[in-house]
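The values are calculated or read from the model by the stated rules, or taken from the named source; none is laboratory data. This structure is a prediction, so every number in the text was calculated from the model and none was measured. No Cβ is skipped: glycine too gets one built from the backbone with ideal geometry, and neighbour counts run over all protein chains shown. Protein only, heavy atoms only, side chains kept; ligands, DNA and RNA dropped before computing areas. Shrake-Rupley method; radii C 1.70, N 1.55, O 1.52, S 1.80 Å.
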Amino acid sequence: MTDRGVTAPLQDDPAPAQVTATETVFEGRVWNIRRDEVLYNGAPMVREYMDHTGAVAVLALDEQDRVLLIKQYRHPVRMRDWEIPAGLLDIAEEQPLRAAQRELAEEADLVADRWNVLAEFTTSPGGSDEAIRIYLARGLSAADEVFARTEEEADIEVRWVPLDEALDAVLARRVQNPSLVIGVLTAHAARARDWATLAAGDEPWPRRSRPIGDAGAPQA
């Protein structure tokens, strides 16, 4: 084991391994399973993973420092879990910020006049290429249009929760959704630093592995 770059800032490093073959081994309704043959450190290996479009999420914070939370059914875990508004990046050429604005309107009937990048993460880097960007939305008001909701979204429960109370729920392990957990932890820390860690809402997202709306293989 080597301790490299101990004086450099802590950050992940791009490492584009050579993909010698790739195929979709399962095609699903929302996302696929992909199998890649890869050369890494001169040796071949095979990896299978969820081929994901990526997503955005929105931590909406009102003037009383309350976070907008929604509760809805999630079948894989058989739970109605608390979340923040979120959605897939599955519309070709739609910018992430626009997607976040759309999701806030569609899931919460809200618009915001201040948008910043709050956090970014990969959900399960050993088994999926899904990347999520979380936006902080402030200056909230009611949307002009109220959207009809179906399936899991038909019985969404909405609650405004003080950011400190949401943090307590995260630390007590009463909520599990990763976008909610990461969003609340990051927002609480960023607020303590007077929001100095925020980025512009339209900041580029170079760590994404594919163009917006591309359902094919990620770029090598």
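Evaluate region 44-55: report whether one residue or more is open to solvent by 40 Å² or more (accessible area, probe 1.4 Å), hydrophobic (A, V, I, L, M, F, W, C) and within 30 Å of Ala187 (Cα to Cα).
If we filter region 44-55 for residues that are open to solvent by 40 Å² or more (accessible area, probe 1.4 Å), which is where we start, we get 44-48, 50.
From what's left, hydrophobic (A, V, I, L, M, F, W, C): 45-46, 50.
After this cut, where a residue has to be within 30 Å of Ala187 (Cα to Cα) as well, the list is 50.
Looking through region 44-55, at least one residue is open to solvent by 40 Å² or more (accessible area, probe 1.4 Å), hydrophobic (A, V, I, L, M, F, W, C) and within 30 Å of Ala187 (Cα to Cα).
Taking first residues from region 59-78 that are under 13 Å from Ala137 (Cβ atoms) and partners that are open to solvent by less than 10 Å² (accessible area, probe 1.4 Å) and assigned to a loop (DSSP other than H, G, I, E, B), the Cβ contacts under 8 Å between residues at least 6 apart in sequence or on separate chains come to Leu59/Ile84; Ala60/Ile84; Ala60/Pro85; Val67/Ile84; Leu68/Ile84; Leu68/Pro85.
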